[in-house]
1. Ile164 versus (1) in contact (Cβ under 8 Å) with a residue 12 or more places away in the chain; (2) closer than 26 Å to Gly65 by Cα; (3) open to solvent by 70 Å² or more (accessible area, probe 1.4 Å); (4) more than 16 Å from the chain's Cα centre (by Cα): which is the lone unmet condition?
2. If the requirement is being open to solvent by 80 Å² or more (accessible area, probe 1.4 Å) and either among the β-branched types (Val, Ile, Thr) or modelled with pLDDT of 95 or more (or both), which of these qualifies: Ile112, Ile21, Ile77, Ile95?
Amino acid sequence: EWHLIWKKNFQPVIIDEKLAIIPHWQENSKEDLVIKIKPGMAFGTGHHETTWLMLKQMLSYIQEGMSVLDLGTGSGILSITAKIMGATKVDVVEIDSACETNFYENLKLNKIKEGINFYLEDILNWEKWDYDLILGNINRNIIEKLIPQLLNVKGKILLSGLLISDFDLIKTLGRKYKFQLNEKLIKGEWICIIISFN
């Protein structure tokens with residue numbers, strides 16, 4: 001069965017010796033920040049390069065008391081990490097109803113009872129952008145449609161789900177919509193970028 005195969009092969013993800021993503025059957029880990037995940041059908045265990053890149057950058061960008069928006073939350077791994085790192089308000093948006101059960105299971109595993117709000121909605125229909133940090137580990141086509149909606153965002157925007165080959169498109173969008181590309185991080189064929197509009 002798939003969950004037994006997961007259990008046999010799942011290896012913890014350790015980032016910068018500070019953050020550990022461990023499966024729910026593992027008791028603990030020595031890192032300062034430990035996130036438990038129930039491997040399931042929802043995307044986001046930390047193993048994929050794009051999730052790893054987002055988590056690594058979050059170690060630098062999340063600050064205590066921040067408000068965070070997680071677009072396309074999947075398993076909830078990014079929003080849970082943000083909350084455990086001290087974000088006060090975390091809103092998450094996900095269009096796939098199949099992710100919702102896994103998301104709430106992961107909240108429970110990490111003993112999070114409040115401060116994260118789940119919205120079952122298409123992120124392209126989302127209209128509230130007043131956050132200190134916006135996270136989007138989503139595909140390039142969605143990012144391309146999303147960027148024109150972010151023009152008045154005052155916080156930082158952290159995006160992945162992008163291949164290295166998508167970078168020229170991002171630079172073109174930057175010139176068109178006048179956003180600053182603050183940082184780019186690469187792992188394998190994938191990139192993570194941080195942009196801002198002011």
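1. (2)
2. Ile95
Okay, residues lined up against (1) within 14 Å of Leu53 (Cα to Cα); (2) open to solvent by 50 Å² or more (accessible area, probe 1.4 Å); (3) of a type outside the set (Phe, Trp, Tyr); (4) within 17 Å of the chain's Cα centre (by Cα):
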position: Asp132; (1), (2), (3), (4): no, yes, yes, yes
position: Gly136; (1), (2), (3), (4): yes, no, yes, yes
position: Arg140; (1), (2), (3), (4): no, yes, yes, yes
position: Ile143; (1), (2), (3), (4): no, no, yes, yes
position: Ile170; (1), (2), (3), (4): no, no, yes, no
position: Gln180; (1), (2), (3), (4): no, yes, yes, no
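The values are calculated or read from the model by the stated rules, or taken from the named source; none is laboratory data. Only a predicted model underlies this, so the values are computations on that prediction, with no experimental measurement involved. With ideal geometry, Cβ positions are generated from the backbone for all residues, glycine too; neighbour counts draw on all protein chains shown. Remember, those area values only see protein heavy atoms, side chains included, never the ligands or the DNA or RNA. Shrake-Rupley method; radii C 1.70, N 1.55, O 1.52, S 1.80 Å.
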